[in-house]
1. Mind checking which pairs have a first residue in the stretch 150-172 that is without any contact (Cβ under 8 Å) to a residue 40 or more places away in the chain and on the phi > 0 side of the Ramachandran plot and a second that is assigned to a loop (DSSP other than H, G, I, E, B) and of a type in the set (G, A, S), Cβ under 9 Å, 6 or more apart or different chains?
2. List the number of the failed condition for V164; all other conditions in (1) outside any helix (DSSP H, G or I); (2) touching a helix residue (DSSP H, G or I) at 6+ places or on another chain (Cβ under 9 Å) hold.
3. From the list R58, R62, pick out the single residue that is farther than 12 Å from I105 by Cα and touching a His at 6+ places or on another chain (Cβ under 9 Å).
4. Restricting to the stretch 152-169, and then to whatever is among the β-branched types (V, I, T) and closer than 17 Å to R124 by Cβ, can you tell me which residue is surrounded by the fewest Cβ atoms within 10 Å (Cβ to Cβ)?
5. Find the residue count for the stretch 55-79, including only residues that are over 20 Å from L119 (Cβ atoms) and either at pLDDT below 95 or surrounded by fewer than 14 Cβ atoms within 10 Å (Cβ to Cβ) (or both).
6. Within the group S129, S89, which residue is over 23 Å from I31 (Cα atoms), of a type outside the set (V, I, T), exposed (fewer than 13 other Cβ atoms within 10 Å of the Cβ) and at pLDDT 95 or above?
7. Examine the stretch 15-29 for a residue that is touching a Phe, Trp or Tyr at 6+ places or on another chain (Cβ under 9 Å) and without any contact (Cβ under 8 Å) to a residue 60 or more places away in the chain, and state whether such a residue exists.
Amino acid sequence: MPAMRLVVAITGASGAIYGRRLLEVLRELGIETHLIISRAGEKVVRLELGVDPKELKRLADRVYEPEDLDAPISSGSYPVDGVVIAPCSMRTLAAIAHGLASNLILRAADVAIKEHRPLILVPRETPLSPIHLRNMLVLAELGVRIIPACPAFYHQPKTISDLVDFVVGRVLDALGIRHELFRRYGEPSP
C-alpha cells in the first residue's frame, strides 16, 4: 500500500484550478490519487482551464466515472487516507449534508464521514445563502473540514498561482501533509 492514498473530486463549481493544482502537488509528493470529475466539473475544466479533462485525469493514479458506484473507493473497506472535493459545488455540499449518495463523489464523501476519515470540501461560491451556511454547519458539526477558496494576502502573493497555492496549501495542512507552497504568517520574507 502507498504511503498515502487520497480521493480527489472536482465538481461543477468555479475553481477547477484548485483541483488541478492539488493533483499536481500530490503527484510531486508521491501521494496516490483516485480522481473523479463530475460531468459539470468536466464542463468547468474546459471553460476555465481551456483543457480537455483527460489532461487532469493523467495527473491521477486511478480515475473513475462519477456513475461508477462499483468502484473500490465506494466501500469503507477500501483504505484511503481522505477525500478532498475541490472545487465543491453547493449542490454537492448539500447532497453530502443530507446523506445522498447517488454518484461516486457523494458516496466517497459518505464513506469518509461514516468511517471517520478526513473529508475536506473547498466551496467556491459567493455570496453564501442561509441554506449554504446551514449545510456547511451540518457538515462542520460532523467533523468535515470546510476550506473556502479564500486566499490570504499576508504572504504578499504576486501571481494567481500564489493565490491558488495558498488554498491548496491549506488543504494539505488539514491533511497533515508538509509543504512549502506559501510563506506562513510570521515567517520572514525571502
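The values are calculated or read from the model by the stated rules, or taken from the named source; none is laboratory data. In this text, all values refer to a predicted model and were calculated from it rather than measured experimentally. Quick reminder, even Gly has a Cβ in these numbers, built from the backbone with ideal geometry, and neighbours come from all protein chains shown.
1. Q156/S189
2. Here V164 meets the rest and fails (1).
3. Step by step, each of R58, R62 is checked, and only R62 is farther than 12 Å from I105 by Cα and touching a His at 6+ places or on another chain (Cβ under 9 Å).
4. Result: I160.
5. So the answer is 5.
6. Working: S89 fails: exposed (fewer than 13 other Cβ atoms within 10 Å of the Cβ).
Result: S129 is the single residue among S129, S89 that is over 23 Å from I31 (Cα atoms), of a type outside the set (V, I, T), exposed (fewer than 13 other Cβ atoms within 10 Å of the Cβ) and at pLDDT 95 or above.
7. The answer is no; no qualifying residue exists.
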